[in-house]
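Quick notes on the structure that follows.
Just so you know, all these numbers are worked out from the coordinates, no wet-lab data involved. Small disclaimer: the values here were computed from a predicted structure and weren't measured. Reconstructed Cβ throughout: ideal geometry from the backbone, glycine too, with neighbour counts over all protein chains shown.
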Amino acid sequence: MNPDASTIAAGAPIEVDLSPIAEGQDIKVFWRGKPIYISHRTKKQIDEARAVNVASLPDPQADDARVKSGHEQWLVVIGICTHLGCIPIAHEGSYDGFFCPCHGSVYDTSGRIRQGPAPTNLVVPPYQFVSDTKIQIG
Ligand code: FES
């Protein structure tokens, strides 16, 4: 038995054109029914993410392990709080990253948990650059 078209569509990779996203802006797209945030980070946001002592983080992960080499200005994360699954708000919170209003989890400009009850960083979905201005998620 083959899956129907809607099932294939729900699991299929999606392509996203990044060229309309200005520096400092985010967009939200949906992949497999999940919200995906794509952030065009400013130099300041990248510098802040990289200035952190990784060992001090609740879920230690270097910024360069969360973005693609040569495309450091782009952060792509699944917009589901790792606490209980609310959708965080972009550009909120004291680290200029994401803030989850449900119970106060605060993520930084790399999507890493910095404060609050969420146990782990926002998840980076599988994706790749298919050109300088286009990614394929999934
Ligand atoms: S679901 Fe986000 S802080 Fe609880």
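Fraction of C-alpha pairs exceeding 27 angstrom in the chain: 19 percent, rounded to a whole number. Highest GNM mean-square fluctuation among 108, 64, 26, for the chain modelled with Cα contacts below 10 Å: 64. Hey, got the dipole for the chain? About the Cα centre, +1 on K and R Cβ, -1 on D and E Cβ, debye to the nearest 20? Dipole size: approximately 180 debye. Of 96, 47, 63, the residue with the greatest mean-square motion in the GNM of the chain, using alpha carbon springs below 10 Å, is 47. Here the Gaussian network model covers the chain, with springs between Cα atoms less than 10 Å apart; of 122, 84, 18, 84 fluctuates the most.
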